[in-house]
Amino acid sequence: QVQLVESGGGLVQAGGSLTLSCVLSGRPFSSYGMGWFRQTPGKEREFVANISWSGGSKAYADSVKGRFTISRDNARNTVLLQMNSLKLEDTAVYYCAAARRTNAIGTYEYDYWGQGTQVTVSS
């Protein structure tokens with residue numbers, strides 16, 4: 001059984017940085033493409049970034065391109081989301097997800113989800 005546990009969320013001022021971490025357990029980490037999504041109340045969960053099995057392919061939502069960086073460490077079963085130049089509109093619950101396929105963007109393409117971690121950006 002795959003389990004994903006996120007950490008690293010919190011309160012940060014606009015312009016600041018945070019790094020989210022997600023650890024996968026229960027299956028070989030390198031078998032999964034990994035993604036980050038976020039959700040605010042009343043809105044659908046939206047794609048933020050993904051990374052391929054090897055880490056060689058990455059994709060970002062236009063809203064975070066140039067500010068966020070996704071990376072993975074297969075030896076530590078960990079995927080990171082480095083968030084810089086944070087904006088008020090980045091406030092959301094951020095979810096880590098694992099997919100048996102790579103380069104997945106839609107929520108329906110992911111097989112496992114973490115519980116989410118809150119990121120709040122203040123002015």
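The values are calculated or read from the model by the stated rules, or taken from the named source; none is laboratory data. Bear in mind the structure is a predicted one, so any value in this text is a computation, not a measurement. Don't worry about glycine lacking a Cβ; one is built from the backbone with ideal geometry, like all the others, and counts go over all protein chains shown. Calculation scope for accessible area: heavy atoms of the full protein, side chains included, ligands and nucleic acids excluded. Shrake-Rupley method; radii C 1.70, N 1.55, O 1.52, S 1.80 Å.
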Residue match in the range 24-43 (condition: surrounded by 13 or more Cβ atoms within 10 Å (Cβ to Cβ), within 21 Å of Ser122 (Cα to Cα), modelled with pLDDT of 95 or more and of a type in the set (A, V, I, L, M)):
no
Subset of the range 59-82, residues more than 19 Å from Gly16 (Cα to Cα), crowded, with 16+ Cβ neighbours inside 10 Å and out of contact with any helix residue (DSSP H, G or I) (no Cβ under 7 Å at 6 or more places or on another chain), comes to Ala59, Tyr60, Ala61, Arg72, Thr78, Val79
Answer with yes or no whether Ser21 is within 15 Å of the chain's Cα centre (by Cα) and buried (at least 16 other Cβ atoms within 10 Å of the Cβ).
-> yes
Listed by range, strands (runs of 3 or more DSSP E) wholly within the range 28-123 having at least 1 residues that are touching a residue at least 12 places away in the same chain (Cβ under 8 Å) and under 20 Å from Val2 (Cβ atoms) are 33-39, 46-51, 68-73, 78-83, 92-99, 117-122
Item checked: Boolean, Gln3 is over 21 Å from Ala61 (Cα atoms), among the polar types (S, T, N, Q) and open to solvent by 20 Å² or more (accessible area, probe 1.4 Å) -> yes
